[in-house]
Amino acid sequence: MNKKLGLGAVESPDWYAAQEEFWKNNWTDGLPVIPATEQRVTEFLDYVRLEPDVVIGEVAERDASINAEMIAVNAVMAGCLPEYMPILIAAVKAVTDHEFHFNHLASMGSPWPLLIVNGPITKQLKMNSGLYVLGPGNRPNATIGRAMSLIMWNSMDAKPGGILRGCMGHPGRWAFCIAENEDTPWEPVHVLQGFDRNTSTVTAFPSSDGGRRMGTYYREPKAALDAVGYNVAACEMVRGVFCVLVNPYLAEQVFAKEGWTKKAAQDYLVENCRMSVRDLKTISRWGWWGDYVAKDPPPVQPGDEDHYIYQFRDPPGQEKYTDLVFPSTMNERRRGVMLVVAGGNASNLLYILRPYTVSANPVTQAIEIPK
């Protein structure tokens, strides 16, 4: 069996021997892969009409690049179909964009990009935006997410023993790709970013290690958003762009039914996300970053419970406290909340993904569909 690896080819007598070769050389994430034969890789490249050596993305800090062949090889290994290649090409462009700050993937916080796909391609490929959206069971979601993981593994050394220094690791590292449900009154992610609804896009969101599931038991929009806002702030009071998965029932029956657009809901969260100084001291986010680990927690003072620090904005009077809560690198990047409609439609659940602590921003790229 001839396996195409992007930097040459190696011979293997059968499928099982090929797996051992991959594991021995640390070319896989630990799971079996499909051997990338030259014929199969060529099919993937032909689908997007790209020559093997066309550079798709570069990371100057790593002095490394990703070409079309590398994407095709790892897409085959992950079990993709050729039709998934345009999404992967756009995703590679997104994570190698300077705004995404690829080097943050080396952090002890184990960040990893969530890929959010929008536009007509999600229905063409029958991607999952509904029940069990963050789980297994859908081929494009699972294999596109895993292909992205393998591309970073084999092309950018983004693996344990390589550049990854994550303390706990990231459960989404196996496969972290979803589609947004665009069949509700709420505007899709890409439309709010200025793309035409008929343009397909992929957004790389730099999530930290893990998420926060919550249920809102209110049916009045502001009360529900206040509950969401408190939980967003409780995710360690980090500045940046948060991603909140909102199931379609809440989006349509709680918010849109009362005239709330997605943008209005996002703006409300930005305006109102806050935490009291007492709570910030309790969760060790008051003056935490200067000395990194304090011997004793700062004492709670009378009135701390009524003194609030806002997560995404600096109202008059807060500026003098900002440096006690947010490192300067947090203040330099974009801030906000990105609401994504996804999940089953018969619950009150949301899922909050906080961004990596510093530097990184989500990046959206248009998907170029071959004609």
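The values are calculated or read from the model by the stated rules, or taken from the named source; none is laboratory data. Quick caveat, the model's predicted, so the values are computed rather than measured. Cβ sites come from the backbone with ideal geometry, for glycine too, and all protein chains shown count toward neighbours.
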| query | Just to be sure, is residue 230 assigned by TED's automatic domain parsing to the domain that holds residue 321 and either assigned to a loop (DSSP other than H, G, I, E, B) or surrounded by 21 or more Cβ atoms within 10 Å (Cβ to Cβ) (or both)? | reply | no
| Some residue of the stretch 83-96 being modelled with pLDDT of 95 or more and of a type in the set (Ser, Thr, Tyr) | yes
| Mind checking whether some residue in the stretch 68-78 is in contact with a helix residue (DSSP H, G or I) (Cβ under 9 Å, 6 or more places away or on another chain), of a type outside the set (A, V, I, L, M) and surrounded by fewer than 20 Cβ atoms within 10 Å (Cβ to Cβ)? | no
| note | residue 360 meets each of (1) over 30 Å from residue 179 (Cα atoms); (2) assigned to a loop (DSSP other than H, G, I, E, B) with one exception, condition (1)
| task | Could you run through the stretch 202-222 and say how many residues are more than 24 Å from residue 117 (Cα to Cα) and either modelled with pLDDT under 95 or assigned to a loop (DSSP other than H, G, I, E, B) (or both)? | result | 6
| request: Under 9 Å between Cβ atoms, at least 6 apart or on separate chains: pull out the pairs that start in the stretch 132-157 with a residue that is over 18 Å from residue 86 (Cβ atoms) and crowded, with 24+ Cβ neighbours inside 10 Å and end on any residue that is modelled with pLDDT of 95 or more and among the acidic types (Asp, Glu). | output: none
| Test set (1) aromatic (Phe, Trp, Tyr); (2) crowded, with 24+ Cβ neighbours inside 10 Å; (3) farther than 25 Å from residue 353 by Cα; (4) modelled with pLDDT under 95 - residue 23 fails condition number | (2)
| task | Quick one: residue 337 ticks every box in (1) at pLDDT 90 or above; (2) over 16 Å from residue 232 (Cβ atoms); (3) among the aliphatic types (A, V, I, L, M) except a single one, so which number is it? | result | (2)
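Among 219, 212, 197, which is the only one that is touching a Cys at 6+ places or on another chain (Cβ under 7 Å) and surrounded by fewer than 20 Cβ atoms within 10 Å (Cβ to Cβ)? Before you say what the answer is, go through the steps one by one.
Working: 219 fails: touching a Cys at 6+ places or on another chain (Cβ under 7 Å); 197 fails: touching a Cys at 6+ places or on another chain (Cβ under 7 Å).
After ruling out the rest, the residue left standing is 212.
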| note | With criteria (1) within 28 Å of residue 250 (Cβ to Cβ); (2) in a loop (DSSP other than H, G, I, E, B), residue 157 comes up short on (1)
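Of all residues in the stretch 245-262, which are among the β-branched types (Val, Ile, Thr) and either in contact with a Ser or Thr (Cβ under 6 Å, 6 or more places away or on another chain) or surrounded by fewer than 19 Cβ atoms within 10 Å (Cβ to Cβ) (or both)?
Step one: of the stretch 245-262, the residues among the β-branched types (Val, Ile, Thr) are 246, 254, 261.
Selection gives 261 alone.
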